[in-house]
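A.B. asks: My structure is below; once you've seen it, I'll send some questions.
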Amino acid sequence: MEENRLQGWSNRKSGGEGNSHMYEYGSRVRLTEVDQNRRMTLMGILNAFQDCSTFHSEDLGVGMEYLEREKRMWVLRSWELRIFRRPVLAEHIRIGTWPYAFEKITGQRNFCLIDGAGALAACADTTWVYMDTKRMRPARIGEEITQIYGLEPKLSMGSNLGQVCLPEVSVQKEPFAVRIWHLDVNHHVNNGQYIQFAESYLPEDFEVRTMRAEYKKSAVLNDRIFPRVGSSEDRYTVSLEDESGKTYAAVEFRQE
């Protein structure tokens, strides 16, 4: 893990220095972001990361209004999150992000959470697909987008864990319907909601250290989601599917 590089970056002011394309904002851990032990929740961390990428795009002038005008949107394809320590209620934190690669139709972005002591508390790797909202198909990422964002080196996340797959034995859980409060500004189930759905099937004493999620298709209002849950060794895997068995999202939680 490139903690030394992140440590140096964490001491910069928001917006970075020189030609840096890293972006950050400072915050405090809110009451709405903690569990019963006053520690930052998984969703609290994920929401902070999503907010950071949104602020980054807005501050660069390629946020929601730009995307609506250009008939484009970014759709999350995958998360890989690692948690080293969960900051506690009212702790001062800093959340950062930077893009490290753009391909024809995808962009890849890292995130990090720096705690009150200046240490790396959590980090994430994500892949996004650039979509044409009129045709609802992937769109080419123009050179102007890559120049606006710029690139920074990729954060090493350790070994490649491969695709998220259910164990051979899994249990079908009770289906449920998508409600309006599950939707985001694109009228699809927010990617964080899938994580929250999946997390609800974990045992109460399961401490998430690594979370991976892959998104296959978007659920919309009134769709029914059929969860399947499997476990093996130190991990739980949840597949959130439609009635025909096609996957909306697959999420894996590990204690390592």
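The values are calculated or read from the model by the stated rules, or taken from the named source; none is laboratory data. The model shown is predicted, which means the values in this text are computed figures rather than measured ones. So basically every Cβ, Gly included, is an ideal-geometry build from the backbone, and we count neighbours across all protein chains shown. The accessibility values were calculated without ligands, DNA or RNA, using every heavy atom of the protein model including side chains. Shrake-Rupley method; radii C 1.70, N 1.55, O 1.52, S 1.80 Å.
A.B. asks: Tell me, what is the per residue accessible area of the range 32-111 in Å², probe radius 1.4 Å? Show your work: numbers first, answer last.
C.D. replies: Details: 3670 Å² over 80 residues.
On a per-residue basis, 46 Å².
A.B. asks: Helix-only estimate, please: 222 nm mean residue ellipticity of the chain, summing -39500 (n - 2.57) across DSSP H runs of length 4 or more and dividing by its residues, to the nearest 500. Intermediate values should be presented prior to the final figure.
C.D. replies: Values: 5 runs with 49 residues, N = 256.
Rounded to the nearest 500, the figure is -5500 deg cm²/dmol.
A.B. asks: Report the gain in length on full extension from Val220 to Asp35: 0.36 nm times residue separation, minus Cα-Cα distance, nm rounded to one decimal.
C.D. replies: Values: separation 185, 0.36 × 185 = 66.60 nm, distance 2.84 nm.
Contour length minus Cα-Cα distance gives 63.8 nm.
A.B. asks: Find, among the chymotrypsin sites (Phe, Trp or Tyr not before Pro) in the range 198-256, those assigned to loop by DSSP (not H, G, I, E, B) with at most 16 other beta-carbon atoms within 10 angstrom.
C.D. replies: Details: sites: Tyr201, Phe206, Tyr215, Tyr236, Tyr248, Phe253; in loops: Tyr201, Phe206.
When the chymotrypsin sites (Phe, Trp or Tyr not before Pro) of the range 198-256 are filtered for loop state and at most 16 Cβ neighbours within 10 Å, Phe206 remain.
A.B. asks: How far apart, in nm, are two points set 7 Å out from the Cα along the Cα-to-Cβ line at Ser170 and at Met43?
C.D. replies: Each label point is offset 7 Å from its Cα along the Cβ direction, giving 2.2 nm.
A.B. asks: Another question, then. If you take every residue apart from Val229 with its C-beta less than 12 Å away from the C-beta of Val229, what net charge results, scoring Lys and Arg +1 and Asp and Glu -1? Show your work: numbers first, answer last.
C.D. replies: Details: positive: Lys173, Arg228, Arg235; negative: Glu174, Glu199, Glu241, Glu252.
Neighbour charge sum, excluding Val229 itself: -1.
A.B. asks: Calculate the FRET efficiency for His187 and His21 from the Cβ-Cβ distance with a Förster distance of 25 Å, rounded to the nearest 0.05. Can you show the working numbers first?
C.D. replies: On the way: r = 31 Å, r/R0 = 1.23.
Between His187 and His21 the formula returns 0.25.
A.B. asks: Given points 7 Å out from each Cα along the Cα-Cβ axis, report the Leu89 to Glu143 separation in nanometres with one decimal.
C.D. replies: Spacing of the two 7 Å Cα→Cβ label points: 5.4 nm.
A.B. asks: Then there's this: Select from the chain the helices, each a whole stretch of DSSP H, whose alpha-carbon atoms run 24 Å or more along the helix axis and whose Kyte-Doolittle mean is at least -0.5; answer none if there are none. Please list the in-between numbers first.
C.D. replies: Working: long enough: 42-59 (26 Å, 0.03).
The qualifying helices are 42-59.
A.B. asks: Oh, and also: Calculate one ³J(HN,Hα) per residue across the range 135-141 by plugging θ = phi - 60° into the Karplus curve 6.51 cos²θ - 1.76 cosθ + 1.60, and present them in order as whole Hz with x for glycine and proline.
C.D. replies: 8, 6, 8, x, 10, 5, 7
A.B. asks: Another question, then. For a quick check, take a GNM of the chain with Cα springs below 10 Å and name the residue from Leu155, Leu221, Leu166 with the largest mean-square fluctuation.
C.D. replies: Maximum fluctuation in the GNM of the chain, among the listed residues, is at Leu221.
A.B. asks: Which FRET efficiency value, to the nearest 0.05, is calculated for Glu207 and Ile105 with the Förster distance at 30 angstrom and r the Cβ-Cβ distance? Numbers along the way, then the final one.
C.D. replies: Values: r = 36 Å, r/R0 = 1.21.
FRET efficiency, Glu207 to Ile105: 0.25.
A.B. asks: Another question, then. Give the range of the longest stretch in the chain that excludes all trypsin sites (Lys or Arg not before Pro) found in loop regions by DSSP and having at most 11 other beta-carbon atoms within 10 Å. Show your work: numbers first, answer last.
C.D. replies: On the way: sites that count: Lys13, Lys104, Lys134, Arg135, Arg140, Arg179, Lys246.
The reported range is 14-103.
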